[in-house]
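The values are calculated or read from the model by the stated rules, or taken from the named source; none is laboratory data. Being a predicted model, the structure only gives us computed values, none of them experimental. We place every Cβ from the backbone using ideal geometry, glycine too, and count neighbours over all the protein chains shown.
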Amino acid sequence: MLDQFLYGIEAAMNGLMTGIMYSLVALGFVLIFKASGVFNYAQGVMALFGAMTLVSIQKGQIPFYHLINATFGTDIKYFGWEVPALLAILLTVCVMILFAWLVERLLLKFLINQDPVILFMATIGLAYFMEGFGDLMWGSDLKVIDMAMPALGIPGLPQGGSLFIENATSGLGTDRFFGFFIDKLDITAAIIATMLVVVLTVFSQYSKTGRALRAVADDHQAAMSVGISLRTIWVIVWSIAGVVALVAGIMWGAKSGVQFSLSLITLKALPVLMLGGFTSIPGAIIGGMIIGVGEKVFEFIVSSSWFGDAMGFTMNATENWFAYVLALIFLVFRPQGLFGEKIIERV
Amino acid sequence: MLDTGDNTEVLLDVNNIEVIYSSVILVLKGVSLTLDKGGITALLGGNGAGKTTTLKAISNLLRAERGDVTKGSITYRGKPIDRLDPATLVKSGVIQVMEGRHVFEHLTVDENLMTGAYTRRDGKAAIKQSLDLVYNYFPRLKDRRKSLAGYTSGGEQQMVAIGRALMSNPETVLLDEPSMGLAPQLVEEIFGIVKNLNEVEGVSFLIAEQNTNVALRFAHKGFILESGRVVMEGPADELRENPDVKEFYLGMSDKGRKSFRDVRSYRRRKRWLS
Ligand SMILES: Nc1ncnc2c1ncn2[C@@H]1O[C@H](COP(=O)(O)OP(=O)(O)O)[C@@H](O)[C@H]1O
Ligand SMILES: [Mg+2]
């Protein structure tokens with residue numbers, strides 16, 4: 001029984017790591033939703049696009065090579081150089097900022113004051129456009145993330161279970177317990193995600209621009225009245241969301257390759273938002289963790305033999321639907337989410 | 001602070017403007033008014049007369065509500081400002097305090113005030129000086145500086161809104177219905193502070209008010225708006241002595257019922273007076 005308990009804890013820890021990734025995607029949603037009232041369906045595609053751009057820049061791939069080849073009958077694909085990971089990340093961040101600027105220029109600017117539904121539909125359009133555009137620009141082949149930074153002595157994103165944790169914990173149970181198996185990539189992702197959240201929090205709490213972001217989130221009109229330009233703020237927020245998406249894209253991409261299915265993490269972020277509340281940054285983070293841990297632990301319990309012995313049945317692949325059912329339950333009993341912003345009653 | 005000599009400079013000149021919302025709803029049908037440098041102008045009228053629309057036309061917050069100035073001109077210091085965005089206008093010294101106490105509820109009082117300095121480029125020290133000045137004028141806020149603005153009282157929120165505007169170091173403040181929903185004592189307090197700011201700091205105010213009585217006691221000039229038109233204007237003390245104003249806007253009468261323009265608008269005015 002002790003072993004079972006320990007394996008349960010292991011499942012919870014693994015869930016926590018995945019959950020932090022959910023948090024990261026949900027965070028992108030919350031940032032944009034708070035600042036512009038837009039539910040950005042394209043957040044997942046932004047993660048895919050970011051990761052694709054990064055890998056392609058690293059490999060020195062020529063943008064739109066398909067198109068060029070088709071038009072001029074050439075057969076080119078690479079510039080013939082490789083860009084170091086760090087520089088490629090910086091360049092990709094620039095691309096994401098440029099993208100944010102374009103979204104504001106070509107889309108949001110014209111939709112100020114429209115119904116949220118219209119804005120939402122616009123972002124669906126944006127998602128499909130970006131998906132196609134990403135393929136056109138970089139090709140739709142599966143790409144592999146390689147984050148080696150020799151200059152900093154980093155050989156790449158770590159892979160495989162952490163032996164250290166495994167060895168350190170193997171003595172906890174009986175002979176049949178081999179220690180916690182935790183993926184090093186998950187640990188790295190969790191650390192980076194945590195750092196990102198800390199940086200964002202400090203930025204939003206203590207910088208002038210951060211204060212302006214929060215002001216816009218609270219009251220558009222009043223923010224405009226003190227001379228805060230909504231359009232500038234939107235570019236900033238979409239840029240931040242783009243960078244958050246990029247980080248999520250790198251981590252997920254490192255797990256499963258950079259490919260179309262990456263954009264579907266949007267769908268995993270939805271239940272997180274229902275749980276955490278659409279306007280709460282802590283909600284997104286904790287909501288992601290709850291869902292990550294919840295789905296792993298639930299799966300662990302209902303698929304175990306002792307559950308089968310007690311109940312007469314077991315279930316598998318519950319991870320596919322657990323998050324949605326949990327979110328539905330929340331929708332019924334606590335529609336504003338766990339941390340939905342306190343609605344301040346005026347005195 | 002109002003210069004009563006011949007050399008009064010007109011800061012703000014609104015000349016016969018027409019405003020249409022959503023391309024179809026005509027709200028202002030030719031409104032003209034002026035604000036002198038160092039002066040307080042009161043823009044009076046009942047609910048729906050068009051006061052807020054006029055202020056927003058000046059501060060250019062109108063476009064965000066799909067409103068548009070379709071005729072007339074607005075100049076500040078002789079230069080047209082119709083096409084400037086609110087941010088540029090704030091930088092040139094004109095800022096609006098919106099009606100209904102639009103504070104940033106989830107920011108502290110301190111942070112609310114600091115957002116007022118968003119457009120300033122004159123350095124931390126100067127901004128700190130303004131902050132001290134604001135706390136000096138609104139000592140109540142100083143005690144609450146760390147509280148979330150959403151949890152402060154109505155009067156304090158109005159003070160936050162005015163203080164926040166002052167943080168932009170303005171020359172002119174467009175103040176929309178500061179008395180709304182506040183107890184008479186608080187209204188006096190706030191108008192007293194406004195008067196002080198005007199006389200000591202030299203800030204000019206254009207104040208939209210339904211509370212004719214209070215507004216005319218503190219203002220130098222008054223314009224009375226009705227259904228999107230200015231129906232009367234003049235120095236504040238003259239307006240206060242005007243029998244029509246007394247009857248319709250100040251709620252006192254010694255000559256029995258009198259028709260100001262027609263009976264229909266009389267009834268309407270009666271309604272918002274009651
Ligand atoms: N955004 C808007 N769209 C359409 N009509 C509006 C809008 N805002 C105000 N109005 C109308 O314009 C008229 C004047 O409103 P307003 O300027 O707010 O008056 P006041 O501030 O004097 O109460 C009212 O009849 C109001 O219904
Ligand atoms: Mg009004």
Suppose the filter is at pLDDT below 90, of a type in the set (D, E) and under 19 Å from the mean Cα position of the chain (by Cα); does A:D186 pass it? yes
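If you take just the helices (runs of 4 or more DSSP H) that sit entirely in the range A:198-304, which of them hold at least 2 residues that are farther than 30 Å from B:L175 by Cα?
Details: elements: A:208-218, A:220-225, A:230-256, A:265-276, A:281-302.
Where helices (runs of 4 or more DSSP H) fall fully within the range A:198-304 and carry at least 2 residues being farther than 30 Å from B:L175 by Cα, they are A:230-256, A:265-276, A:281-302.
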Among the residues of the range B:213-229, write down those that are over 21 Å from B:N198 (Cα atoms) and either crowded, with 23+ Cβ neighbours inside 10 Å or under 15 Å from the mean Cα position of the chain (by Cα) (or both). B:I224, B:L225
Wholly within the range B:185-236, strands (runs of 3 or more DSSP E) carrying at least 1 residues that are touching a residue at least 12 places away in the same chain (Cβ under 8 Å), touching a helix residue (DSSP H, G or I) at 6+ places or on another chain (Cβ under 8 Å) and under 22 Å from B:E171 (Cα atoms): B:204-209, B:221-226
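Residue by residue through the range B:143-155, note down the ones that are in a helix (DSSP H, G or I) and either surrounded by 24 or more Cβ atoms within 10 Å (Cβ to Cβ) or more than 9 Å from chain A (Cβ to nearest Cβ) (or both). Walk me through how you get there before you give the answer.
Keep residues of the range B:143-155 that are in a helix (DSSP H, G or I), which gives B:143, B:149-151, B:154-155.
Answer for the range B:143-155, where residues must be in a helix (DSSP H, G or I) and either surrounded by 24 or more Cβ atoms within 10 Å (Cβ to Cβ) or more than 9 Å from chain A (Cβ to nearest Cβ) (or both): B:D143, B:A149, B:G155.
Which one of B:K37, B:K29, B:K56, B:K79 is within 16 Å of ligand 2 (Cβ to nearest atom) and assigned by TED's automatic domain parsing to the domain that holds B:R229? I'd like the intermediate steps shown before the answer.
Values: B:K37 fails: within 16 Å of ligand 2 (Cβ to nearest atom); B:K29 fails: within 16 Å of ligand 2 (Cβ to nearest atom); B:K79 fails: within 16 Å of ligand 2 (Cβ to nearest atom).
Result: B:K56 is the single residue among B:K37, B:K29, B:K56, B:K79 that is within 16 Å of ligand 2 (Cβ to nearest atom) and assigned by TED's automatic domain parsing to the domain that holds B:R229.
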For the range B:82-114, which residues satisfy the criterion of being basic (K, R) and at negative phi? B:R83, B:K91
Can you work out which of the residues in the range B:202-241 that are within 16 Å of ligand 2 (Cβ to nearest atom) and at positive phi is farthest from the other protein chains (Cβ to nearest Cβ)? B:S227
